[in-house]
Amino acid sequence: MRLRHADAIWSAHPLLAAGALHADGIDETADVRVRVEEYTSRARERLAGGSESQFPEVLAWRRAFARMGLRPTQYRCASESLLRRLRKEGTLPRIHPVVDLCNAISVAYAVPVAVLDADRITGPLLEVRPAHGDEEYTAFDGRTEHPAPGEVTYADSAGRAHARRWTSRQSGHSAVGDRTRRILVVTEALHDGAADTVARTLETIARELAAHWPVTPETALIDALDREFTLEESPQVS
């Protein structure tokens, strides 16, 4: 299966930097609490100096959302939502060890990190692109939605949308659960210096996954020159 960003995304967001990771061998047994606390502590220290809404990484997403016609205070990128929750409540939700770890790394670097069950994505292509409007998106409560035409989503070859409003809301269909073994992780950024931040974020995720699970993560940086990431073909799941 291939992951790519459509030409329209690169044209509209020339500062975009992205990274992808694939790992096989994930389960729920790892104890990541110490590392989660370390990364969330880094985020708390930064939040002590000012609200997440002023972080350059977050401001870049706010500007992008505004250009797409979305109200930035109504629709927040995933990292801003997590940082906001951390600032207000002092902790992050506990979901699954790999999700908890990636959420903590996301707030530490202030960039969105999506973790998807790779076996719930239908290949051969997962593309970040403007929606046609007929894609099916499964909310976490089980309801089926259709992204608005032009809304940026992660769309697979079966026409299933795995995100709403780009980095705002992930699909329940490909969310990591107790049966997840293979994951696809995608991190994206739009601020000045995004490429360096994405590289460090991806390196950190790969290192932590290898330390907690018997996996050898496969990683790649995605940019305007090298636009695709190929991972081992997954079973076709409808």
- Message: Within region 60-76, does at least one residue satisfy the condition of being assigned to a loop (DSSP other than H, G, I, E, B), under 29 Å from Thr180 (Cβ atoms) and open to solvent by less than 10 Å² (accessible area, probe 1.4 Å)?
- Response: no
- Message: I need the full set of residues from region 14-38 which are part of a strand (DSSP E or B) and crowded, with 21+ Cβ neighbours inside 10 Å, in order please.
- Response: Ala17, Ala18, Gly19, Ala20, Leu21, His22, Ala23
- Message: Suppose we keep only residues that are assigned to a loop (DSSP other than H, G, I, E, B) and open to solvent by 80 Å² or more (accessible area, probe 1.4 Å) within region 129-147. Which one would you say is farthest from Ala12 (Cα to Cα)?
- Response: Asp141
- Task: Can you tell me which residue among Arg160, Arg169 is out of contact with any Lys or Arg (no Cβ under 6 Å at 6 or more places or on another chain) and more than 23 Å from Ile105 (Cα to Cα)?
- Result: Arg160
- Task: State yes or no: is Leu184 modelled with pLDDT of 95 or more, farther than 28 Å from Val36 by Cα and assigned to a strand (DSSP E or B)?
- Result: no
- Item | Near pairs, Cβ below 7 angstrom, 6+ apart or cross-chain, from region 147-158 (of a type in the set (Phe, Trp, Tyr)) to any residue that is open to solvent by less than 50 Å² (accessible area, probe 1.4 Å) and not in a loop (DSSP other than H, G, I, E, B) | Tyr154/Leu126; Tyr154/Val128; Tyr154/Ala161; Tyr154/Ala163
- Message: For the condition closer than 28 Å to Ile183 by Cα and out of contact with any helix residue (DSSP H, G or I) (no Cβ under 7 Å at 6 or more places or on another chain), what is the one hit in Arg94, Arg2?
- Response: Arg2
- One residue from Ser41, Ser11 being among the hydroxyl-bearing types (Ser, Thr, Tyr), more than 19 Å from the chain's Cα centre (by Cα) and open to solvent by less than 40 Å² (accessible area, probe 1.4 Å): Ser41
- Query: What number of residues within region 87-108 are among the hydroxyl-bearing types (Ser, Thr, Tyr) and surrounded by 24 or more Cβ atoms within 10 Å (Cβ to Cβ)?
  - Reply: 1
- Message: Suppose we filter Leu126, Leu116, Leu82, Leu92 for residues that are assigned to a helix (DSSP H, G or I), hydrophobic (A, V, I, L, M, F, W, C) and modelled with pLDDT of 95 or more; which single one remains?
- Response: Leu82
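The values are calculated or read from the model by the stated rules, or taken from the named source; none is laboratory data. Predicted model, so just to flag it, every value in this text is computed and none were measured. Virtual Cβ from ideal backbone geometry, glycine too; neighbours counted across all protein chains shown. In case anyone asks, the SASA skips ligands and DNA or RNA and just uses the protein heavy atoms, side chains included. Shrake-Rupley method; radii C 1.70, N 1.55, O 1.52, S 1.80 Å.
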